[in-house]
Amino acid sequence: MSGYSNTTYGELAVGATVSAQRLLGQSEIEALLLVSGDVVPFHVPEGSELSPNMLSVDAVAAEAIIAGMLERRLPGPGTRIVSQQLEFLGYLRVGDQVKATVTVLEKLESPRRVIFECVVETATQRVLWGRTVVEAPERKAHFPELERPELIIRRNDVFVRLLKRCEGLAPVTCAVAHPCDPDSLLGALEAARVGLIVPVLVGPTARIQSLARSLGEDISSCRLVDTEHSHASAAAAVTLARNGEVETLMKGSLHTDEIMQAVVSSQGGLRTDRRVSHVFVMDVPAYDRILFVTDAAINIEPSLKEKADIAQNAIDLAHSLGLERPKVAILSAVEMVNPDIASTIDAAALCKMADRGQIRGAILDGPLAFDNAISEVAARTKSIESPVAGRADILLVPNIEAGNMLAKQLQYFAGADSAGIVLGARVPVILTSRADNVRMRIGSAAVAKLVVHARRATAIPPLK
């Protein structure tokens, strides 16, 4: 079985140790700066010349290194750090081979408390040394190995910025429809732990409780709504939203069409006058801003009228996230209107609709090919003069095939992470995928929280 398991308090023995090594690249340096919260880019020894490849390990960054070892490797998931005493002895530079080691020194009488020796070193120096006291896990747990862990912390971390904007805002009530697998239940509970949502777990109660016990999770504080099966879970979650008992929905371990059929049902659903559409909120490492892609999940071959609604939904979302006047690129295969390519005609019509106030709150341009929508170099090369070209915030795709392929190419080729949300209904719907990692699920919950608070007209600072 692939992945990793934790080591419980009873299994830990004095002398148990684990190490991990990694070649430190520029992205890791920037990741440490991100974790540490530094506003000054680099620290250097007094009297030294400033080097862009030098970073002093401060307390917060050191805690991140050690916490990763303790919480992920030994003892592993379920570990809680109680206290730390660390000494910072040197500097890390790009190209260093960094080795981190944690070793059990002593097991205390206090329940499940363990003292670890913690060391971070390079080939030439010890950078960090100290001791950490943890509360070790009591129950066994197994977790799948994260794919591409180097992407968890990013250079342009959109999700961190969104989470920062959520600080100080009250969590929103959220009906989680059928959280009957580990990812969907853990994602909802983690979103609750970081203050994004107050989950209402809708599904077979006995099954959810059994799953929680197997994962070592305490859900006694959560409201549970008992249903027989996934279709009933979707219907019950929608009813909670319709009755005003929750402010958002989250898809659990059921098919997308199950929850969406309940949402758009003409009898008892959550329809409004606006067309329902999906938006990917994307963190693309190579792009210098938040990127919205729509619609890549719901509308198969939208008409011009439906595209206007799709555009307005994405614009309203951008406003909720702090973009006052987003730039919308209406994508096609070319940047010239061609009567033989229907999407170019739709693009031109959408731009004129924006000129006439039928689409509000954004700058629209199109048709634009993907390259000149996101690359100023490509736009200049083709002599395109536009306030949108090369600087698009929102990419409006011609149909679901183009959108789905674009979003997945950004994820798998460009290393993008994405949050998924459905708009146009009475409440936002957090639409996660089975392939989404915890970070992406947390990002989706953060987006939904900001949308709900924007609808409450809560003052939220602009996104920097």
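The values are calculated or read from the model by the stated rules, or taken from the named source; none is laboratory data. Here the structure is a predicted model, which means the values were calculated and not measured. When we count neighbours, we look across all protein chains shown, and the Cβ atoms used for this are built from the backbone with ideal geometry, even at glycine.
What the table below lists for this structure:
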quantity	calculated
Residue that is hydrophobic (A, V, I, L, M, F, W, C) and within 25 Å of SER418 (Cβ to Cβ), where the choices are ILE341, ILE345, ILE315	ILE315
Check on ALA188, surrounded by 20 or more Cβ atoms within 10 Å (Cβ to Cβ), modelled with pLDDT of 95 or more and in contact with a strand residue (DSSP E or B) (Cβ under 8 Å, 6 or more places away or on another chain)	no
Extreme residue, nearest to LYS140 (Cα to Cα), among residues of segment 197-218 that are modelled with pLDDT under 95, not in a helix (DSSP H, G or I) and not small (Gly, Ala, Ser)	LEU215
Verdict on GLY390 being closer than 21 Å to LYS327 by Cβ, buried (at least 17 other Cβ atoms within 10 Å of the Cβ) and either of a type in the set (Ser, Thr, Tyr) or assigned by TED's automatic domain parsing to the domain that holds ALA296 (or both)	yes
Filter pass, VAL427 being touching a Ser or Thr at 6+ places or on another chain (Cβ under 7 Å), touching a residue at least 24 places away in the same chain (Cβ under 8 Å) and surrounded by fewer than 17 Cβ atoms within 10 Å (Cβ to Cβ)	no
Test: residue in segment 330-344 that is part of a helix (DSSP H, G or I) and among the charged types (D, E, K, R)	no
Selection from segment 406-464 of residues that are among the basic types (Lys, Arg) and either closer than 19 Å to ASN313 by Cα or at pLDDT 90 or above (or both)	LYS408, ARG426, LYS449, ARG455, ARG456
Strands (runs of 3 or more DSSP E) enclosed by segment 12-103 - at least 2 residues per element that are among the hydrophobic types (A, V, I, L, M, F, W, C), at pLDDT below 55 and surrounded by 16 or more Cβ atoms within 10 Å (Cβ to Cβ)	54-56
Enumeration of residues in segment 157-184 that are on the phi > 0 side of the Ramachandran plot and touching a residue at least 40 places away in the same chain (Cβ under 8 Å)	HIS178
Residue within segment 370-380 that is surrounded by fewer than 16 Cβ atoms within 10 Å (Cβ to Cβ), outside any helix (DSSP H, G or I) and not hydrophobic (A, V, I, L, M, F, W, C) present	no
Segment 104-114, residues that are surrounded by 18 or more Cβ atoms within 10 Å (Cβ to Cβ), modelled with pLDDT of 90 or more and out of contact with any Gly (no Cβ under 8 Å at 6 or more places or on another chain)	VAL114
Qualifying position, being part of a helix (DSSP H, G or I), in contact (Cβ under 8 Å) with a residue 40 or more places away in the chain and assigned by TED's automatic domain parsing to the domain that holds GLU335, among LEU395, LEU450, LEU406	LEU406
Residue ID - farthest from ILE400 (Cα to Cα), chosen from residues in segment 329-348 that are surrounded by 21 or more Cβ atoms within 10 Å (Cβ to Cβ) and of a type outside the set (Ser, Thr, Tyr)	GLU335
Residue count for segment 345-369, restricted to those that are more than 12 Å from LYS327 (Cβ to Cβ) and not in a helix (DSSP H, G or I)	7
Number of positions in segment 157-185 that are under 15 Å from LYS251 (Cβ atoms) and buried (at least 19 other Cβ atoms within 10 Å of the Cβ)	10
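Each row is one residue, and each column tells you yes or no for (1) surrounded by 24 or more Cβ atoms within 10 Å (Cβ to Cβ); (2) assigned by TED's automatic domain parsing to the domain that holds LEU406; (3) of a type in the set (S, T, N, Q); (4) under 30 Å from ASN6 (Cα atoms).
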position	(1), (2), (3), (4)
GLY195	no, no, no, yes
ARG207	no, no, no, yes
ALA234	yes, no, no, no
SER265	no, no, yes, no
VAL281	yes, yes, no, no
VAL284	no, yes, no, no
